[in-house]
Amino acid sequence: MAKLKTKFVCQKCGYSTARWIGKCPECESWNSFVEEIQDTSVSKKSKSIERKADSANILMLSGITETKEMRFSTGIDELDRVLGGGVVNGSIVLIGGDPGIGKSTLMLQISSKLHGKKFLYVSGEESAVQIKMRAERLGNIPENFYVLSETNLELIEAVIIQKEPDFIIVDSIQTVYRPELESAPGTVSQLRESTSKLINIGKTLNIPIFLVGHITKDGTIAGPKIIEHMVDVVLQFEGERTHLYRILRGIKNRFGSTNEIGIFEMTEKGLKEVPNPSEVFLSQRNYGASGCVISSSIEGTRPILIEIQALVSPTSYGFPQRTSMGFDLKRLNIIIAVLEKKLGIFLNKYDVFINVAGGVKVDEPAVDLAVAMSIYSSYKDVPVDSETIVLGEVGLAGEIRTISNIERRINESAKLGFKRILLPKNNLKYIDLKKYKIEITGVENIKEAQGKLI
Ligand code: TYD
Ligand code: MG
């Protein structure tokens, strides 16, 4: 056999050399060179090659007949939607979220909707008694529900094989460990090995497994991203713990779109689905108060109407505060600068607070104009008409830029009985004004918008 040639490749930029060097001449990073095999020759057709190829499992794509994944509904529509239309047998779903957000509650609620299926709840965090207490609180004690307070994966596997459940929940993946490994539960190697073992079990026995995962302070599922790429579906449960609403978001989904979200409300009796979020988010509106503007945000594929609230008040310290809940602070600063330049108001002696009512987070520029108008309205202490929806991205020159999904937003606004909608003039080109009962006004810049509103 010919000797394998090797080369050294920079892991940052891909620059390669014949000999190891400490600093990459291309991207200037240090210690980034790793030896790699430089194998350019292709083996000739031979008996041993034929044998190798025969043992590999190769199929003709056109010859595969079984194409429908076997799905079943969880009985919770909001969850089904995020999963892409139900749970796929043998799929591994990771559900992440801050502590106390309601992951365990959601998992337990699935069991009460799926009568006739055998459940296995592996709990490394709570005792069986605690789980029973929660189930009682939810008002439904499912039958066919096994609780296993165990973290040793070897024993968990044995129970799975013995009981043959139809649905497995592991709460949480960070507590499970493989005894073969020396490292502690929750470490990177334990997480990776435990997850791959569970994936193996799920795929072999064709059982769906939900893994609950905690989220670290910086927002990623703890135990870096390593398990995110191994599983089929990654869902994130979001929301402020002190608020009632919870949003279930798809981050990765091998069986459906990641554009969907599910909205829940945390009640005394567990999580309740919210099929019409706009009505809920607007249910506690302040009519006629200054600083409040209604806008529309697209969450997943659904438009949601939200109330943006601003409070502009004289600052009592040396420098003004800019605080935002649910809206990006950098964008807020840009909008304030544009307001100062284009509308001639000076906010350097004022604190500006922004809040998206209901604890929702919006991260799309379509609500910029609503934020700008709420600040102006609070500053002048003049209310904006409460029957008007305000939409548009604010550019640095004060121009109102086109936004996406305009028809859906108009429909939702009209459905909820709003009278007027203010939107970017450029968007008018693509919409049929006669189709809608709501009055539609296009605006070109922030000055024009202000003139029409306040
Ligand atoms: P939990 O599911 O334990 O959160 P996680 O598993 O994500 O850590 O939910 C915890 C919170 O939900 C807790 O603060 C209490 C609240 N809760 C309710 O408000 N109503 C209920 O019916 C239940 C079961 C919990
Ligand atoms: Mg929990």
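The values are calculated or read from the model by the stated rules, or taken from the named source; none is laboratory data. As the structure is a prediction and not an experimental result, all values here were calculated from the model. Cβ atoms come from the backbone with ideal geometry, glycine included; neighbour counts cover every protein chain shown.
Annotations for the structure displayed:
- Meets criteria (in contact (Cβ under 8 Å) with a residue 24 or more places away in the chain and within 14 Å of ligand 1 (Cβ to nearest atom)) for L120: no
- Residue tally, condition buried (at least 20 other Cβ atoms within 10 Å of the Cβ) and either of a type outside the set (D, E) or within 14 Å of ligand 1 (Cβ to nearest atom) (or both), over the range 257-273: 6
A quick yes/no check of all residues on (1) in a helix (DSSP H, G or I); (2) within 30 Å of the chain's Cα centre (by Cα):
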position	(1), (2)
L332	yes, yes
V338	yes, no
L347	no, no
D351	no, no
A366	yes, yes
I375	yes, yes
R408	yes, yes
F418	no, yes
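- For the range 26-42, taking the residues that are part of a loop (DSSP other than H, G, I, E, B) and surrounded by 10 or more Cβ atoms within 10 Å (Cβ to Cβ), the one that is farthest from the chain's Cα centre (by Cα) is identified as D39.
- Taking the range 381-405 as the range and being buried (at least 23 other Cβ atoms within 10 Å of the Cβ) and within 27 Å of the chain's Cα centre (by Cα) as the test, the residues that pass are I389, V390, L391, G392, V394.
- Residue match in the range 99-117 (condition: away from ligand 2 (no atom under 16 Å from the Cβ) and in contact with a helix residue (DSSP H, G or I) (Cβ under 6 Å, 6 or more places away or on another chain)): no
- For P179, the conditions (1) within 30 Å of the chain's Cα centre (by Cα); (2) loosely packed, with under 14 Cβ neighbours inside 10 Å; (3) not hydroxyl-bearing (S, T, Y) all hold with the exception of (1).
- Qualifying residues in the range 444-454 (those that are free of Cβ contacts under 8 Å to residues at least 60 places away in the same chain and surrounded by 14 or more Cβ atoms within 10 Å (Cβ to Cβ)) - the one nearest to the chain's Cα centre (by Cα): E444
- Test: residue in the range 261-284 that is free of Cβ contacts under 8 Å to residues at least 60 places away in the same chain, within 16 Å of the chain's Cα centre (by Cα) and either away from ligand 2 (no atom under 16 Å from the Cβ) or not assigned by TED's automatic domain parsing to the domain that holds Q190 (or both): no
- Residue tally, condition assigned to a loop (DSSP other than H, G, I, E, B), in contact with a strand residue (DSSP E or B) (Cβ under 8 Å, 6 or more places away or on another chain) and β-branched (V, I, T), over the range 179-208: 1
- From the options V234, V212, residue that is surrounded by 23 or more Cβ atoms within 10 Å (Cβ to Cβ), out of contact with any helix residue (DSSP H, G or I) (no Cβ under 7 Å at 6 or more places or on another chain), assigned by TED's automatic domain parsing to the domain that holds K117 and modelled with pLDDT of 90 or more: V234
- Residue list for the range 118-132, filter: more than 13 Å from ligand 2 (Cβ to nearest atom) and either closer than 17 Å to K103 by Cβ or not charged (D, E, K, R) (or both): F119, L120, A128, V129
- Scanning the range 279-313 for residues that are in contact with a strand residue (DSSP E or B) (Cβ under 8 Å, 6 or more places away or on another chain) and either assigned to a helix (DSSP H, G or I) or β-branched (V, I, T) (or both) yields V280, F281, V293, I294, I298, I304, I306, I308, V312.
- Residue list for the range 237-261, restricted to those being outside any strand (DSSP E or B) and at pLDDT 85 or above: R254, F255, G256
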